[in-house]
Structures are given as structure tokens and as C-alpha cells.
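Working notes for the structure below.
Where a number appears in this text, it was derived from the coordinates with a stated rule and is not lab data. Only a predicted model underlies this, so the values are computations on that prediction, with no experimental measurement involved. Note that each Cβ is placed from the backbone with ideal geometry, even for glycine, and that neighbours are counted across all protein chains shown.
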Amino acid sequence: MQKIIILNSGKCSWGRCVFCGWGKHDFEVDSKELIKTFNENVDDKVTSLKIFGSGSFLDEKQFPIKFLKHAARVMKDRELIIESRPEYVTREKLGLFKGVKLIVAIGLEAADDAVLRKLRKGMTLKKFNKACKLIHEYEFKVKGYILVNPPFNYKGLLQKSVKHGLKHCDELVLINTYPHAKAELFNYWIKSEWKPINKEEFNEATEKYNDDKRIKLDFDNYSFEPRFEKQERLTGVGRKYLVHPYFTVWQDYFTRFYKRPADKTIILFLPCSKRKPYYKSRTHKTIRRMISGFPFYNKLHIVVISNPGVIPVEFSGKYPFNNYDWNERKETESIKDEYLRVTEERVINYLKAQKYEHYLSYFKPDSESGIALKNACRKLRIKLIDLCSKDVYEKEKDKRNPLIQRGMLEALRIKVKVFSGMLK
Ligand code: SF4
């Protein structure tokens, strides 16, 4: 039986690689605790054990010698896969694992010293090669990690890295480069200097290695979603708050990585609300109450259109969707035009990526978000069902929050009833 355990102990002695956030975590080092956790996880049935822990298993500041000796004793004649930086691959450390089927995983990342320098890997190819040689001298194996789509990538780099990796390692894992929240790489995405690649792009980049038994492909090495370290309030009207880089990163995520919930086949576009998260606002609660009794309600996916873009409602509690404001009254004609153009494009991108069976909307007829949505659907030839009654709106428009005035809600209910009837 193969088992994977995560042992968090100490901190990566390097911690500076631009693509890594794990290396910045700092945990207590406690041999007794490590041995206890190890023993709780490893019994006689375990034939192969993979230990993950940010940094280096062979760095005794992270994993004391006492613990290494214990792990080596327990894993005698069994497979043990550990991770280490090359500088900790020494005769002294390797000698502890005699009799263990040891595999040392090392991040090669990219077989180019100039790229390694820019990635701030703190390692040269020479050091990598030397560590691999020493591991082989002890008749242990080496697993090399290679980044697919690292920053500073260039045509042919992956091929070069794989060639180099296969020369020095017994097996390779091609890992998709994702920006961890604490990694500097995340800022490269924000500054549009680099972008993560999605599944299709990863498959395309790695397809020629599909049949090579020495190479494993790892697209989903951790569940990924934009997480911003700096969380200031984004309040204002104007270009800065329309195409803010944080919003742009999220829109990229929603179109290239996000998949709508499989059971939500009917989309209902709604406007944003002053109160955040949107679902706690009076407007959203009232609209939901009006339609929650209909049989299709469970299939409904509420998606908000606002100045940050197109926001599936399940993300509305996340930053910055929970911490921004845009005052419509301060809009100028030119920002209105830009809002329409940018929003239309964002809706088009979202709807090209996420398909639904039915498309509904409930916006004020003069809302820019609603107009951009209509224009986008027209261009995509999507039939959009507008649940807002223009005639009733004319009578209610001067009241506060017209969308949830009684007349509007009654008209909404009638339109929803008609839609519900269509589904039978
Ligand atoms: S990639 Fe490895 S060496 Fe680099 S900071 Fe992260 S844990 Fe440390």
C-alpha cells in the first residue's frame, strides 16, 4: 500500500524561490512529535511512503537526525520518497538510509542556469547534477520536478529541461506552475507579466510526454484560486476601479480555470449590491425569496455583474468582491462607455467558457451591466430572458431600490412563472 503524509516541520532554509509559497511557512521542530505522527501513519501494510514537507527532509534544522534515523529504521526494505534541496544531499545523510529503497525528489524546475537564477532557486545545474550522482552512488533513485510554464519561460525550455532531467534522474514529474498566495509569482500575474496555464494548455505543452513511463504529469498539484495578500478596500469610480489588476486576475480565473457547479444549469444574472457579500443584501434576499419556491430554483446559478466583472455568487465573500464599492452617481459619460465595453467583453469571455441551458437576467432597463449583458448575448446568439418588466419599471423607477418594489416583484414572479412553465 502506498501512503502519503505531510510533515510540517521547521522552515525551508532557502525560502526564496519566486514560484513557491510553501517555503515561507515556519513550523515548530519537535522530534518527538514527528516520530509520533510518523508512527501513527506507518504500519506494516505500508510498502511505499511519500513524505511531503515544505523544504528539505535531509536538512536537520527541519528534520533532526534522531527522526531521520527512526524513519530509516522503520522503512528498511520499503520504499521511502522524500524531498530535498541538493545541498543537503550528503554522504552523511544518505548513509543513514542504508537498506531503504530511497527516492530523493529534487526540484530541477528548469534546466537553464539563467532561468534558475531568475527564479531565485539558489541552485545551479552543476549542483543538481552532483546531488543526483551522489544519490545514484548509494544506489538510491532520483525523482526530478520540472515546472511547466515557469516565469521566464522560452520556446524549447521544457524540452531542454526534460532532456536534462532524464539524463540525471530516474523519473520526472512535470508540474504545472501555479501562483501560491505567498509567492512572488502571484505579483507577476497581477502585473500581467506571467499567467498560469489551464488544463488544455498544460495538456498541449506536455502531450509529447504522455507515453513516456519515466514521466508523470501533474496538472493539479494543489487546489488553486487567486488569493491576495494585500487586501485594501477598492472604492472609487473610474478606469482604475474598472480594470483593477485584481479584478482582471479574477476574470482570467473565471474564464480559464473555474467550472460552474455541474448541477447549476440555469444562470440568473443580477446586479451587485452596496452591501457585501451580495447574498446578504436586501435586494438579493428579496429576489431570491420571490423565486425560491419554483421547482427549477435548485438549478439556478446566480452570477453578479458589477465593475469587478462577472462574479459567480459563491465567490462574493472573497476578496476583493467583499470589499469594493462603485458609486454610479459619480460616473461620467466616458467611464460609462468604457464600463459598457469592458463589461460586454467580460460577459462574452465568461459565457464562452461556461455553458448553461437557460439564461435569465434581472436588471434595471437603464443599467449599464444589463445593457452590456444584452449586447454580449446578442453577439453570442444566446437567448437571454429578461425578467424585468419595463412598463412596471417606468412606474417604479423614481422610488428607492426600484427592483424590489412591490409592483416590480409581482411582475418578476409572473415572468418567472412563465419561464418555469416553459421547462415542463
Ligand atoms: S521551492 Fe523548495 S527550495 Fe524553493 S522555497 Fe519552496 S520549499 Fe524552498
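In terms of other Cβ atoms within 10 Å, K259, K118 run from fewest to most in the order K259, K118. The order of V249, V310, going from fewest to most other C-beta atoms within 10 Å of their C-beta, is V249, V310. Extension gain, I4-K352: 0.36 nm per intervening residue step, less the Cα-Cα distance, totals 121.4 nm. Counting only alpha carbon atoms, the long axis of helix 368-380 and the longest principal axis of the chain meet at about 70°. A simple spin-label model places pseudo-atoms 7 Å from Cα toward Cβ; at L125 and K66 they are separated by 4.3 nm. Using a simple spin-label model with pseudo-atoms 7 Å out from Cα toward Cβ, T332 and K45 lie 6.9 nm apart.
Taking the stretch 286-317 and a reference point 7 angstrom along Cα→Cβ of D263, the backbone N atoms nearer than 18 Å belong to 292-303, 313-315.
Only DSSP H runs of four or more residues enter the estimate; each adds -39500 (n - 2.57), and after division by the residues of the chain the mean residue ellipticity at 222 nm equals -11000 deg cm²/dmol.
Residues whose amide H falls under 5 Å from that of L49, counting only those 5 or more places apart or on a different chain, are K3, E79, L80, I81, with hydrogens built in the peptide plane.
Length available on full extension from R214 to K424: 0.36 nm per residue minus the Cα-Cα distance, which gives 70.2 nm. A Förster radius of 41 Å, combined with the Cβ-Cβ distance separating K32 from N298, puts the computed FRET efficiency at roughly 0.20. Rounded to the nearest 5, what % of the DSSP beta bridges within the stretch 2-218 are antiparallel ones? Close to 5 percent. Available extension along the chain between R256 and K318 is 20.5 nm, counting 0.36 nm per residue and deducting the alpha carbon span.
Each label was represented as a point 7 Å from its Cα along the Cα-to-Cβ direction; for E410 and K98 these points are 9.1 nm apart.
The phi torsions of the stretch 294-311, fed into the Karplus equation with coefficients 6.51, -1.76 and 1.60 and a -60° offset, translate into couplings of 7, x, 7, 3, 5, 8, 7, 10, 8, 10, 9, 10, 8, 5, x, x, 9, 10 Hz, rounded to whole numbers, with Gly and Pro shown as x. Residue exposure proxy: E344, E338, ordered by other Cβ atoms within 10 angstrom of their Cβ from fewest to most, comes out as E338, E344. For K160 and K399, a Förster radius of 51 Å and the Cβ-Cβ distance give a FRET efficiency of 0.15, rounded to the nearest 0.05.
Round to the nearest 0.05 the FRET efficiency obtained for K417 and D366 when R0 = 25 Å and r is the Cβ-Cβ distance. The computed FRET efficiency comes out at 0.50.
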